Structures are given as C-alpha cells and as structure tokens.
Amino acid sequence: MRRRRTHRAVFAAAGAYNIGWGCYAVLDPQWFFRVTGLPLSNAPQIFACLGMVLGLYGLLYLEVARRPEAGWPIAAVGLTGKLLGPAGLAWLIVTGVWPPTTVIMIITNDLIWWIPFALYLRDAWPSFRATLTGPAAAAAPPR
C-alpha cells in the first residue's frame, strides 16, 4: 500500500485523539457549552454519550493503524461522519440555533482529518477491492 507508514501514523493519532476527546467529554460533558458560550446543558448525559461514541471510534481507528490494508470500511464510515458533522453544524449556525463559536469542535474533530482520511481511502482501495474479488468472492454463488 502506498504511504502505509504515514497512514498508520495518521490513524494512530486519530485513535488517540478520539479516545482522549471521548474520555474528556465523559468526564466533563459541559466543557463544550462553557467554551462556546452556549447555555449549559440540562442533559449533559447526551454529550457524555457522544464522547463515548467518539471514544469507540478511536478504538476502530487504532485497528486501521494496526492493519491498514483491512481498514477501508472503517475509514469510509469515519470520513462520512467527518463530512456530515460539519454539514449539520453549518445548518445550526446558519439558522441561528448555535453560535459561530461552535465551529471549534468541527475544526479539530473533522476538518483536519478530511485530507488524510481521503488519501488513505484512495491508497487503500486496491487492497480492499482485492478482498472483495479474491478467492472467497469467486466461490460465492451468483446473485
């Protein structure tokens, strides 16, 4: 795989980042509201749950770092979330539901990962495609 060492480093960093972010969100679920000037949440458990989910994504990213040839589906789901999250936030900002200060979360959680994840998906596609068309696929009955 092209740039294998770089992809391993990127997904190791993404995994560590997500686990750290997730743990912090679980331990202090009001931090985002304080930092962005939003009113404190009356249901901080929801943000803590988001932290748990993002922390679990971190474990998946560490698996991509461990076995980059097999990580295409995980990275594809990860990049999809990193594209949809900013779209949702943009809608909240444009409609005045959330203030522009909330964009800080999207910069570190999503935007900085777009290029490395997309590059990985491009480089990993041939390896992943080979698993789809390998001997197991040939032995499968036609649909």
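The values are calculated or read from the model by the stated rules, or taken from the named source; none is laboratory data. Everything quoted here is computed from the prediction, not taken from an experiment. Cβ: placed from backbone, ideal geometry, glycine included. Neighbour counts: every protein chain shown.
Would you pick out the residues in segment 27-61 that are part of a helix (DSSP H, G or I), touching a Leu at 6+ places or on another chain (Cβ under 9 Å), without any contact (Cβ under 8 Å) to a residue 40 or more places away in the chain and surrounded by 16 or more Cβ atoms within 10 Å (Cβ to Cβ)? Step through it out loud before you land on a result.
Step one: filter segment 27-61 for residues part of a helix (DSSP H, G or I), giving 27, 31-36, 44-61.
Next, only the ones that are touching a Leu at 6+ places or on another chain (Cβ under 9 Å) stay: 32-34, 48, 51.
Of the ones still in play, those that are also without any contact (Cβ under 8 Å) to a residue 40 or more places away in the chain are 33-34, 48, 51.
Scanning segment 27-61 gives A48, G51.
Against the definition (under 17 Å from the mean Cα position of the chain (by Cα) and either surrounded by 18 or more Cβ atoms within 10 Å (Cβ to Cβ) or of a type in the set (S, T, Y) (or both)), how does A75 come out, yes or no? Criteria met by A75.
Could you tell me which of the residues P86, P39 is farther than 22 Å from T131 by Cα, of a type outside the set (F, W, Y) and more than 20 Å from the chain's Cα centre (by Cα)?
Details: P86 fails: more than 20 Å from the chain's Cα centre (by Cα).
Just a single option satisfies the conditions, and that option is P39.
In segment 106-143, the residue that is surrounded by the most Cβ atoms within 10 Å (Cβ to Cβ) out of those that are basic (K, R) and at pLDDT below 95 is R129. Scanning segment 63-115 for residues that are closer than 18 Å to F32 by Cα and of a type in the set (V, I, T) yields I93, V97, T101, T102, V103, I104, I106, I107, T108. Filtered by the rule that a residue be of a type outside the set (A, V, I, L, M) and without any contact (Cβ under 8 Å) to a residue 24 or more places away in the chain, segment 91-107 gives W91, T95, G96, P100.
Checking each residue in segment 82-105 for being under 14 Å from Y17 (Cβ atoms) and either small (G, A, S) or loosely packed, with under 11 Cβ neighbours inside 10 Å (or both) picks out no residue at all. Only a single item in (1) more than 16 Å from D123 (Cβ to Cβ); (2) modelled with pLDDT of 95 or more is not met by T36, and it is number (2).
Among the residues of segment 80-90, write down those that are over 24 Å from P126 (Cα atoms) and without any contact (Cβ under 8 Å) to a residue 24 or more places away in the chain. Of everything in segment 80-90, those that are over 24 Å from P126 (Cα atoms) and without any contact (Cβ under 8 Å) to a residue 24 or more places away in the chain turn out to be L84, A87, G88, L89, A90. No other residue among F117, F128, F47 is of a type in the set (A, V, I, L, M, F, W, C) and in contact with a Ser or Thr (Cβ under 7 Å, 6 or more places away or on another chain) apart from F47. Exactly one residue among V64, V77 is free of Cβ contacts under 8 Å to residues at least 24 places away in the same chain and under 20 Å from L111 (Cα atoms), and that residue is V77.
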